[in-house]
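Following: one structure in structure tokens, then a few remarks.
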């Protein structure tokens, strides 16, 4: 019996590539990612055999998870080049650019998302946040006003920050108070209110918001600095020294806290060393009985 | 001593100036830096993870067609003398009228080719 293989002519041979395809690379990476092996998952995608937008999408996701935002931005950039109408990829690109500190570029990417899909409220929020970094406060404020009710809390927060940076203190405080009524434990709201009180030199407000923040977060450096500042302004040297002492324990690099601790201790010692007039009557009365 | 009983790296206190020495002005406190932050906003900005390869939406054939409404049955020799003929041609947008057939499908209402004006 003749072997059929003998009849095979070279022109009939179909070449089967032994090189693994892109899909197998993606499958390997997804399996590794699901087991938490992100570095290895990324390694499985490093040398793609051909261009595939999904491969670059997965790669961008893994790079983002690893905190490699610049690399992730490059991955998503290649996706949007091949799929210009992919709003998700544009949005992820915008996030990566934002995390890389590329505020201007992130604004453009967010704007592209909104051009493709005006209902992307998160993109509007991201755009507002980047505009704040660029100090384009009027535009940021306008964007936060356009945010939907679904993102009311963060949008109000964005408005409050924009107003505060515009030195519109009263309006900013009103916005922050709305937020506190929704979430009394919002640390960043209280922290910004402390900064607002310092800016307007309203020591009572600085003290009140600092005390509120300290109750929520006993290690909050901002709260301790607010209370130390108020104590120093009001010549309460013991309290100032106490707060500064706590700050330097938490933040040994805080030069202001070291300096103010020394100032407060100096003032305490100076107060002790100042000679006081002797009260003759009390000497005659003998030692005080407690 | 205050709450921290541990040795502190605070610089030694400036001694009280004695009589005859230069009178130093007492040191003033330094201002703390209170920054305005908006980290809260980023908590609402999460990466959109894909669930699989993106499926491209199939592009539907355009329902509109452009057909010339100017007579174009002119002989070629005459057309060549009127070189501006193509530029002066008027175009009309024609929306084909569709009717529902008995089996629930759609078919063009006119089977006879549209007569050019």
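For segment A:111-151, a tally of residues being modelled with pLDDT under 95, within 19 Å of residue A:172 (Cα to Cα) and not in a helix (DSSP H, G or I) returns 1. The helices (runs of 4 or more DSSP H) found entirely in segment A:231-290 that carry 2 or more residues being at pLDDT 65 or above and facing chain B (nearest Cβ under 10 Å) are A:237-250, A:255-273. Which residues, taken from segment A:189-219, are in a helix (DSSP H, G or I) and free of Cβ contacts under 8 Å to residues at least 12 places away in the same chain? A:204, A:208, A:215, listed by residue number. For the residues A:176, A:209, the requirement of being within 13 Å of chain B (Cβ to nearest Cβ), modelled with pLDDT of 95 or more, within 21 Å of residue A:141 (Cα to Cα) and under 22 Å from the mean Cα position of the chain (by Cα) singles out A:176.
The values are calculated or read from the model by the stated rules, or taken from the named source; none is laboratory data. Treat the numbers as computed from the prediction; the structure is a model and nothing was measured. Every residue, glycine among them, receives a Cβ derived from its backbone with ideal geometry; neighbour counts consider all protein chains shown.
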